[in-house]
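**Student:** Starting off with a structure, shown below.
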Amino acid sequence: MIARLGLLLLLVLVVWFGGSTANAGVEIPSILIYLDDFPGNVIHVAPADADAFSRRLSQPPQIPPRPPVSMPYYNLDSTYWDMALRRSPDDPPVLPDGTYYPDGGYVQTVRQDHDVWLVLDLRQRAMLDRYIRLGKVGALGPHPGALEVLAKAGGAETISVEIGARPLLADAALAFWRLFDGPSLVSFLDPPRPPTGEGGYWISVTAPEGRILQLFYDPATGSLTDALGTETYRGVVPPGALPSPSDGPLQIEQQPPQGSKLWWPVMLGGGVVLLAAAVWLRRRYS
């Protein structure tokens with residue numbers, strides 16, 4: 001039995017890492033959002049965000065015809081629908097035309113003149129909803145950068161910024177976001193040119209849904225470039241505007257302990273019971 005469990009665990013790890021490796025070479029899909037009658041009426045999702053949008057652990061489930069959808073809805077054209085719904089090369093293509101219903105996360109598209117439906121996960125929905133919310137108030141241009149989108153959302157969402165492994169505190173994070181006030185500063189790189197990681201350090205920006213945007217900061221040029229090399233912000237960071245990862249030790253505020261100390265003997269006792277059960281099973285089936 002122990003051997004079977006070990007074999008099953010090994011199989012899961014092979015599938016997991018195999019799927020991750022295959023997904024690493026996935027083409028970045030295009031995603032175009034139409035917001036009729038709103039200031040930002042046509043928005044191209046940034047390549048870095050489109051790549052993150054397409055990376056989920058499993059393909060979106062195809063659901064039965066016509067789920068219970070409700071207003072509002074938005075037209076979303078994306079090559080991702082075909083990537084998500086095509087199970088084999090012989091499957092008929094799925095058209096890029098899609099209709100997104102935020103309430104429920106449903107997407108309606110077409111294959112061979114027939115409607116097909118899929119449902120997005122919470123992370124994908126949060127990313128799309130952020131673009132839609134900012135586009136409806138005119139906060140985004142037609143081609144925003146992924147970092148610009150998070151900068152515009154920082155006032156309404158809790159978005160953390162880390163320099164290396166050092167989190168920026170409130171005042172420093174606010175100063176960082178202020179660098180992106182005003183006109184768009186992004187330049188898109190085609191083909192992508194990932195940073196080499198030399199002569200600078202990495203900055204991580206984390207959104208509430210878990211989407212992490214990694215950027216390389218080059219102090220010599222004041223530039224930020226995302227890890228995929230799809231977008232760059234040249235000269236946006238003046239010298240000394242950001243702390244270095246080596247600027248002294250990281251101070252962590254001590255938080256009061258959570259929960260009662262009575263849980264410790266309960267957890268330790270449970271661990272002993274589980275270990276004893278494992279030894280008994282091994283002796284019985286060996």
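Coordinate-derived values only; no laboratory data. Nothing here was measured: the structure is a model prediction, and the numbers come from that model. All Cβ positions, even for glycine, are placed from backbone atoms using ideal geometry, and neighbour counts span all protein chains on display.
**Student:** Given a cut-off of under 8 Å on Cα pairs at least six residues apart, what relative contact order in percent is computed for segment 143-233? Don't skip to the end; give the middle numbers.
**Tutor:** Numbers: 135 pairs, mean separation 27.6, N = 91.
It comes to 30 percent, rounded to a whole number.
**Student:** Which percent of Cα-Cα pairs in segment 143-233 sits in each 5 Å bin, short to long?
**Tutor:** 3, 14, 25, 28, 20, 9, 2, 0
**Student:** Still on this structure: Note down the nm distance, to one decimal, between modelled labels 7 Å out along Cα→Cβ at residue 201 and at residue 71.
**Tutor:** 5.2
**Student:** A further question on this structure: Residue by residue, what Karplus-based ³J(HN,Hα) values in Hz, rounded to whole numbers, does segment 67-78 have, using 6.51, -1.76 and 1.60 with θ = phi - 60° and x for Gly and Pro?
**Tutor:** Karplus-based 3J(HN,Hα) across segment 67-78 equals x, x, 9, 8, 5, x, 9, 9, 7, 10, 8, 7 Hz.
**Student:** Let me ask another. So between residue 172 and residue 87, what do we pick up on full extension, going 0.36 nm a residue minus the alpha carbon distance?
**Tutor:** Answer, rounded to one decimal: 25.9 nm.
**Student:** Sort out for me the Cα centre separation of segment 69-98 from segment 154-217, rounded to whole Å.
**Tutor:** Comparing the Cα centres of segment 69-98 and segment 154-217, I get a distance of 30 Å.
**Student:** May I ask you to derive the FRET efficiency for residue 160 and residue 133 from their Cβ-Cβ distance with R0 = 22 Å, giving the value to the nearest 0.05? The partial results should precede the final answer.
**Tutor:** On the way: r = 20 Å, r/R0 = 0.89.
Efficiency, rounded to the nearest 0.05: 0.65.
**Student:** What would the Debye equation give as log₁₀ I(q)/I(0) for segment 30-131 at q = 0.17 Å⁻¹, counting only Cα atoms as equal point scatterers?
**Tutor:** -0.75
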